[in-house]
Amino acid sequence: MDETKVVTASTTIPAAPEAVFEEIADPARQLAWDGNDNLGASAPGQRVHAVGDVFMTTTTSGNDRYNHVVDFEEGRRIAWRPAAQGQAPFGHQWGWELTPTDDGGTEVTHTYDWGELTDESRFERARNTTEANLRSSLDRLAALFG
């Protein structure tokens with residue numbers, strides 16, 4: 001049996017895509033709604049603007065992660081791949097896709113893809129990142145908008 005290595009969750013948030021995107025594209029803001037209990041710190045002033053940007057976060061276990069942006073469309077899509085300083089990304093990816101709804105809200109889809117992860121010591125943590133974790137982030141993000 002093949003193991004599922006892509007996890008996705010979606011919700012609709014009662015706010016414009018541009019407002020929701022600001023929360024996602026600014027790593028310092030992510031701390032307020034991270035449902036994976038993975039982010040410990042992120043310095044201000046790292047707002048993402050393009051593919052190729054790199055922003056640094058510190059995990060709750062104290063590890064610095066250099067997140068390489070691999071997909072970006074302002075207000076619509078963003079994805080990044082974490083790495084240790086000076087190293088290639090580990091092979092897993094966090095992604096977000098925002099779609100405007102007819103009523104002025106935003107359908108938000110959050111994806112975790114560990115299909116290219118090769119370091120077996122990271123597999124258990126990847127397997128433990130479930131739809132419930134992604135949904136927790138989405139719920140906390142939605143709560144910011146009432």
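The values are calculated or read from the model by the stated rules, or taken from the named source; none is laboratory data. Note that the structure is a prediction, hence the values are computed from the model and not measured. All Cβ positions, glycine included, derive from the backbone under ideal geometry; neighbour counts span all protein chains shown. Protein only, heavy atoms only, side chains kept; ligands, DNA and RNA dropped before computing areas. Shrake-Rupley method; radii C 1.70, N 1.55, O 1.52, S 1.80 Å.
In this structure, Leu98 does not qualify as under 16 Å from Asp34 (Cα atoms) and either touching a helix residue (DSSP H, G or I) at 6+ places or on another chain (Cβ under 6 Å) or buried (at least 18 other Cβ atoms within 10 Å of the Cβ) (or both).
In the set (1) open to solvent by 40 Å² or more (accessible area, probe 1.4 Å); (2) outside any strand (DSSP E or B), the condition left unmet by Leu134 is number (1).
Does Arg29 meet the test of being within 16 Å of Thr111 (Cα to Cα) and basic (Lys, Arg)? Taking the combined requirement at face value, the residue does not satisfy it. The set of residues from region 101-122 being at pLDDT 95 or above and surrounded by 13 or more Cβ atoms within 10 Å (Cβ to Cβ) comprises Thr101, Gly105, Thr106, Glu107, Val108, Thr109, His110, Thr111, Tyr112, Asp113, Trp114, Leu117.
Each row is one residue, and each column tells you yes or no for (1) touching a His at 6+ places or on another chain (Cβ under 9 Å); (2) not small (Gly, Ala, Ser).
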site: Val6; (1), (2): no, yes
site: Ile13; (1), (2): no, yes
site: Ala25; (1), (2): yes, no
site: Asp37; (1), (2): no, yes
site: Ala43; (1), (2): no, no
site: Val48; (1), (2): no, yes
site: Asp53; (1), (2): yes, yes
site: Asp71; (1), (2): no, yes
site: Arg77; (1), (2): no, yes
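You will find that of Leu138, Leu98, Leu144, the residue that is among the aliphatic types (A, V, I, L, M) and touching a Pro at 6+ places or on another chain (Cβ under 6 Å) is Leu98 and no other.
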